[in-house]
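Enquirer: Here you go, one structure.
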Amino acid sequence: MDGILIVDFGGQYCHLIGRRIRQLGVYSEIIPYDLAGEQTVSSKRKLKVKGTILSGGPSRVYDDGAPKSSVDVLALGMPIMGLCYGHQLIAFLSGGRVGVGQKKEYGTTRATITKPIGVLRGMRKHEKVWMSHGDVVLEIPQEYEVLAYTENCPVAAFKHRDKPIYGLQWHPEVIHTERGMETLRNFVFYVCKCKANYRPTDFLTNASRRIRQIVGCKKAIIALSGGIDSSTAAVLAAKAIGANLTAVFVDHGLMRAGEPESIPTTLQELKVKLIVMDAKKRFLKRLRGISDPEQKRRIVGKEFIKVFEGVAEDIGAEYLIQGTIYPDRIESGARKHSEKIKTHHNVGGLPTKVKFKAILEPLSDLYKDEVRKVADRLGIPKEVIQRQPFPGPGLSVRVMGSVTQEKIDVVRKADEIVTGEIEKSGLRGKLWQYFAVLTDTKSTGIKGDSRAYGYTVAIRAVESLEAMTAKYTNMPYRILERISTRITNEIPQVTRVVYDVTNKPPATIEWE
């Protein structure tokens with residue numbers, strides 16, 4: 001079958017490029033930049049490689065040690081398209097000039113298309129595109145021509161005059177580039193001449209087979225939080241190894257209101273054997289006085305493993321299964337040259353040595369919306385499928401600064417109000433995530449005609465497809481006012497409520 005190779009330079013959206021190509025019905029394969037030559041040859045043997053995409057990345061092309069392909073990708077004799085860092089790399093390797101732009105571009109901007117040809121075929125004169133860069137291509141060699149520019153980027157897109165080699169400074173793979181899929185479609189079908197002949201094998205069948213192959217007749221436990229990821233992994237593993245699986249829910253005292261009570265009921269419906277561990281005191285003790293968010297995540301990850309190791313020893317389990325998904329791995333800097341955005345408790349937060357033969361992550365190549373589709377096929381209840389994403393370290397990373405029981409109680413109540421009012425307004429199915437954050441800032445207020453000095457609560461609500469990018473929600477003022485009134489009236493310690501209007505990037509969805 002026809003296929004597109006994606007050379008990975010550590011970009012946050014590399015996997016997203018691959019997924020977008022597969023959405024077009026064409027097979028895609030991601031390969032590390034330093035194995036590009038070897039794996040290109042290997043891939044050609046099993047599929048018709050029709051083109052290569054060079055991903056973005058956090059490095060600068062002119063720095064010592066900057067990642068560059070182990071082969072001359074421009075001499076592979078196939079269509080090439082570079083995105084962001086890949087765009088700059090093509091220019092750099094071709095003898096062009098790359099340097100620091102006068103102004104960094106993060107988020108959406110307007111690109112002026114001067115030549116709508118090749119990958120930009122059918123584009124309008126002005127297109128809304130999504131940027132995330134500080135360096136720019138300043139000059140290109142004579143054998144290249146400029147196809148587009150922006151206010152701060154003189155060479156936002158280019159093409160080799162004779163060869164099918166293209167560069168785009170923007171990211172067509174993210175949903176905020178309005179016609180990004182058309183750009184990828186142009187590259188895949190118009191430039192590379194691919195056929196949409198990819199028929200993905202059944203994910204459930206392959207994942208179940210792999211779990212059975214590794215675990216065999218031994219026992220395994222699954223770390224269950226009650227969210228969509230771990231619940232899906234639990235049902236998938238239960239179908240694979242049956243009674244040899246035990247789900248372990250650790251109540252660390254950092255859950256949202258009502259969740260510790262509802263999770264056991266849900267698991268009974270899913271017919272998964274469950275053990276509930278009350279570990280509230282031990283987690284709060286370890287988190288007491290800790291302000292650094294990365295340290296919070298490491299502490300939670302370490303304590304989780306300790307609890308799981310204890311349960312595994314008691315029941316004779318040798319394997320641990322987790323509901324890790326791809327954004328967890330990518331933000332934790334799981335690949336060479338990728339930047340660690342934040343440590344996820346179930347990835348970078350794990351201790352280096354664990355008492356398990358292996359840790360299995362059957363969902364680790366999927367995004368959240370893909371997990372939801374798998375969950376639906378597994379018959380998981382809609383209330384679980386639609387449950388908001390929730391960080392493993394729980395409310396500890398929605399409390400800015402040091403963690404105390406009082407702060408946890410405050411943010412839990414504020415979160416309950418935010419969730420209740422938004423869902424009551426009918427916005428639940430339209431938003432990706434919505435929650436409250438207890439900031440480490442206090443301010444003066446007036447309650448009962450008297451001076452009050454209390455916490456500031458921030459409200460966060462975003463729209464997204466796969467959590468790699470997100471846009472803040474244009475929340476109706478009447479809803480915000482109702483939330484603010486309830487929080488300040490019902491929580492004595494809070495005197496002020498603010499609304500977060502930052503997209504991802506430059507922010508992340510969670511505050512810590």
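The values are calculated or read from the model by the stated rules, or taken from the named source; none is laboratory data. Bear in mind that the values here come from a model prediction, so they are computed numbers and not experimental data. Cβ placement follows ideal geometry from the backbone for every residue including glycine, while neighbour counts extend to all protein chains displayed.
Enquirer: Considering every residue within region 136-157, establish whether at least one is farther than 26 Å from P58 by Cβ, in a loop (DSSP other than H, G, I, E, B), among the aliphatic types (A, V, I, L, M) and in contact with a strand residue (DSSP E or B) (Cβ under 7 Å, 6 or more places away or on another chain).
Expert: So far as region 136-157 goes, no, none of its residues is farther than 26 Å from P58 by Cβ, in a loop (DSSP other than H, G, I, E, B), among the aliphatic types (A, V, I, L, M) and in contact with a strand residue (DSSP E or B) (Cβ under 7 Å, 6 or more places away or on another chain).
Enquirer: Would you say S59 is in contact with a His (Cβ under 8 Å, 6 or more places away or on another chain) and assigned to a loop (DSSP other than H, G, I, E, B)?
Expert: Working: in contact with a His (Cβ under 8 Å, 6 or more places away or on another chain): yes; assigned to a loop (DSSP other than H, G, I, E, B): yes.
When the stated conditions are applied, S59 passes them.
Enquirer: Could you go through region 163-171 and let me know if any residue there is in a loop (DSSP other than H, G, I, E, B) and surrounded by fewer than 24 Cβ atoms within 10 Å (Cβ to Cβ).
Expert: Pass one, region 163-171, residues in a loop (DSSP other than H, G, I, E, B): 163-164, 169-171.
Still in the running and surrounded by fewer than 24 Cβ atoms within 10 Å (Cβ to Cβ): 163-164.
Taking every residue of region 163-171 in turn, at least one turns out to be in a loop (DSSP other than H, G, I, E, B) and surrounded by fewer than 24 Cβ atoms within 10 Å (Cβ to Cβ).
Enquirer: Just give me the residues in region 249-266 being part of a helix (DSSP H, G or I) and over 25 Å from the mean Cα position of the chain (by Cα), in sequence order.
Expert: Of the residues in region 249-266, the ones part of a helix (DSSP H, G or I) are 259-266.
Correct list: P260, E261, S262, P264, T265, T266.
Rundown of residues vs (1) modelled with pLDDT under 95; (2) within 30 Å of T205 (Cα to Cα), yes/no style:
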residue	(1), (2)
I385	yes, yes
V399	no, no
L438	no, no
T444	yes, no
G448	yes, no
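Enquirer: Considering only residues of region 485-509 that are closer than 15 Å to T439 by Cα and not hydrophobic (A, V, I, L, M, F, W, C), which is surrounded by the most Cβ atoms within 10 Å (Cβ to Cβ)?
Expert: Going through the qualifying residues, I end up with T495.
Enquirer: All but one of (1) in a loop (DSSP other than H, G, I, E, B); (2) touching a helix residue (DSSP H, G or I) at 6+ places or on another chain (Cβ under 9 Å); (3) not basic (K, R) hold for L184, so report the exception by its number.
Expert: (1)
Enquirer: Based on this model, can you work out whether T441 counts as touching a residue at least 12 places away in the same chain (Cβ under 8 Å) and of a type in the set (S, T, N, Q)?
Expert: Values: touching a residue at least 12 places away in the same chain (Cβ under 8 Å): yes; of a type in the set (S, T, N, Q): yes.
So T441 passes the test.
Table: residues versus (1) in contact with a strand residue (DSSP E or B) (Cβ under 7 Å, 6 or more places away or on another chain); (2) assigned to a helix (DSSP H, G or I); (3) of a type in the set (S, T, Y); (4) without any contact (Cβ under 8 Å) to a residue 24 or more places away in the chain.
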residue: I175; (1), (2), (3), (4): no, no, no, no
residue: A196; (1), (2), (3), (4): no, no, no, no
residue: A207; (1), (2), (3), (4): no, yes, no, no
residue: R210; (1), (2), (3), (4): no, yes, no, no
residue: A234; (1), (2), (3), (4): yes, yes, no, no
residue: Q268; (1), (2), (3), (4): no, yes, no, yes
